[in-house]
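Working notes, beginning with the structure itself.
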Amino acid sequence: MTEPALRIVTHHHACLEIVADGGRVLVDPGEFWPAPDLDRVDAVLVTHEHPDHADPAVLADALRRGIPVLGPASVRAALDAETAARWQVLSPGDEVSVAGLDVVVGGGEHAAMHPETAGPENLAYFVAGTVLVTGDRHTPWDGPVPVLVTPVDAPWLRAVDLVRYVREIAPHTVVGVHDGLLNDTGLSIADRVLTSLQREGVTRTVRPAVGEEITVP
């Protein structure tokens, strides 16, 4: 089966849409930025419960509209009973069709942020055999990953670990996200880190501007 041509449209920080001719999947709408327009969204995927990735108001609005919302059980716990009942729980190893796109679910715990306290469950999504969205974790993956969408900045992230992860995954394109808390100086450093990944065999690196559309090769 031939997978549909894809585009990635960024909203803010970790929030983006994966767009194909048959549907639009919104990923990780967080609560610290303007809410994305749900009018053309066909489904929502959430990687984990942290507020920069999951805005309960946006998720509840989507569910009230009848838009499928999928993600870990821990996010559902933040919703009221009526909307939580419509939440579709996903777990690592699941394979589902979301807005006409095949999605394979991976993941595990959020990247470590405290020596004694484990983070929440963090899911990764491999969409249409092409785009891997990692959430807040360097999720191991078997098989080719043409496009890797992963944080370029985070409290848990070291540049050396990002380089090692990119060497392991060996993507064609790296889309750097999770930059919403950086000032201009921080953004310039993030761009240098992304550019440095081209020395690791990555053909294209991009940290997209808000609203920018990226064509997936």
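Protection proxy ranking, highest mean first, for peptides 41-48, 116-123: 41-48, 116-123, where packing is the per-residue count of other beta-carbon atoms within 10 Å, averaged. Express the Stokes-Einstein translational diffusion coefficient of the stretch 22-69 in µm² s⁻¹, to the nearest whole number, given a Kirkwood radius over alpha-carbon pairs, 10 °C and a viscosity of 1.306 mPa s. Reported coefficient: 150 µm²/s. Electrostatic tally near LEU181: other residues with Cβ closer than 11 Å to its Cβ, Lys and Arg +1, Asp and Glu -1, net -3.
First select every other residue whose beta carbon is under 15 angstrom from the beta carbon of ILE169; then total the charges, Lys and Arg +1, Asp and Glu -1.
Numbers: positive: ARG137, ARG164, ARG167, ARG204; negative: ASP142, ASP161, GLU168, GLU200.
So the environment of ILE169 carries a net charge of 0.
If you average the sequence gap of Cα pairs under 8 Å that are 6 or more apart and divide by the length of the stretch 106-217, what percent do you get for the contact order? Don't skip to the end; give the middle numbers.
Values: 181 pairs, mean separation 22.5, N = 112.
Relative contact order comes out at 20 percent.
Given +1 at the Cβ of Lys and Arg, -1 at the Cβ of Asp and Glu and no other charges, the dipole of the stretch 75-200 around its Cα centre is 300 debye to the nearest 20. Positive contributions from Lys and Arg (+1) and negative ones from Asp and Glu (-1), summed over other residues with Cβ under 11 Å from the Cβ of VAL103, come out at -3. Both radii are taken from the alpha-carbon atoms of the chain; with Rh as the Kirkwood radius, Rg/Rh is 0.94. Using Cβ point charges alone (K and R +1, D and E -1), the dipole size of the stretch 15-55 about the Cα centre works out to roughly 100 debye. Legend: residues SER74, SER97, sorted from most to least accessible area (1.4 Å probe; ligands, DNA and RNA excluded), read SER97, SER74.
Expressed in nm², what is the orientationally averaged projection area of the convex hull enclosing the Cα positions of the stretch 160-217?
On the way: hull surface 16.9 nm².
Projected over every direction and averaged, the Cα hull of the stretch 160-217 covers 4.2 nm².
Please state, rounded to one decimal and in Å, the Kirkwood hydrodynamic radius that the stretch 93-217 gives when every pair of distinct Cα atoms enters the mean of 1/r. So the Kirkwood estimate lands at 15.1 Å. Each residue was assigned an accessible area with a 1.4 Å probe, and for HIS13 the value is about 20 Å². In the stretch 5-60, a dipole from Cβ-located charges (positive for Lys and Arg, negative for Asp and Glu) runs towards its positive end, and of LEU59, THR10, VAL46 it is THR10 whose Cα lies farthest in that direction. For the chain, a crude dipole built from +1 on the beta carbon of Lys and Arg and -1 on the beta carbon of Asp and Glu, taken about the Cα centre, is about 440 debye to the nearest 20.
The values are calculated or read from the model by the stated rules, or taken from the named source; none is laboratory data. All values reported here derive from a predicted model rather than from experimental measurement. Glycine also receives a Cβ, built like all others from the backbone with ideal geometry; neighbour counts cover every protein chain displayed. Note: areas computed on protein heavy atoms with side chains; ligands, DNA, RNA excluded. Shrake-Rupley method; radii C 1.70, N 1.55, O 1.52, S 1.80 Å.
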